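All remarks here apply to the structure that follows.
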Amino acid sequence: MRTLLCTLGFALALLSASPAHAQFANRSLGLSLGYMDFNRTNGLDDAFFVGVDASLYIENGFEVVSLSKLAFPRDTTDRNERRVVGLAPSIGIRYLLMEESIRPYVGSDLSYLIVFKDSVSNFVGIGPNVGVDFFVSDSVSVGARAQYNFYIALNEKTQRTLTLSAGAAAYF
């Protein structure tokens, strides 16, 4: 009798249990490689960069994102057109158009650009971006992104850049 009651209790517990739901991974950390075209403004030309990006899902398809780039643009004012160092951290927001295994998005970033040439140049910028992420597993994505930035500074010409990048991110 005792075994029968235990079996019935166990069966009722199994039947009344709600199904398990996977928790949405709402943070990511990734690496990206890309190309920046400065359109020869302010003496800078094309550059390749390495970036570290992060995101935090807020709600209703919105994410706060950050992308910090280390770039090496060519200095067109130099006779040898040597490469110089540029740092470009940014923070922004993006809206996920779909939240499935393919995630296209649109967004805008507020960024800062510091270029180390013979003198140091500082710029503040804003720019729209579009991209798409493809999930290759539950917690890893690869993606592509395009962005157009307008950088401004006192007593300097407006710096315009087109940025194209590809990267991978881990979600946790």
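The values are calculated or read from the model by the stated rules, or taken from the named source; none is laboratory data. In this text the structure is predicted, and so the values were computed from the model without any measurement. Heads up, the Cβs are rebuilt from the backbone with ideal geometry, glycines too, and the neighbour counts pull from every protein chain shown. Only protein heavy atoms, including side chains, enter the accessible area calculation; ligands, DNA and RNA are left aside. Shrake-Rupley method; radii C 1.70, N 1.55, O 1.52, S 1.80 Å.
A few notes on this one:
- Here the chain exposes an accessible surface that is 66 percent carbon and sulfur, computed with a 1.4 Å probe and the other protein chains kept in place.
- Relative contact order of region 19-172: 22 percent, from C-alpha pairs under 8 Å at least 6 residues apart in sequence.
- Accessible area per residue, Å², the chain with all protein chains present, probe 1.4 Å: 60 Å²
- Within the chain, helix-based [θ] at 222 nm, where runs of 4 or more DSSP H residues each add -39,500 (n - 2.57), nearest 500: -3000 deg cm²/dmol
- Cα-centre dipole for the chain with unit charges at Cβ (Lys and Arg positive, Asp and Glu negative), debye to 20: 160 debye
- For region 124-172, the relative contact order works out to 37 percent when only alpha carbon pairs closer than 8 Å and six or more residues apart are counted.
- Charged side chains reduced to their Cβ positions (Lys and Arg at +1, Asp and Glu at -1) give region 39-128 a dipole of some 360 debye around its Cα centre.
- Cα long-axis angle, helix 2-16 against the chain (0 to 90 degrees, to the nearest 10): 40 degrees
- Counting Lys and Arg as +1 and Asp and Glu as -1 over every other residue whose Cβ lies under 13 Å from the Cβ of Glu100, the net charge comes to -2.
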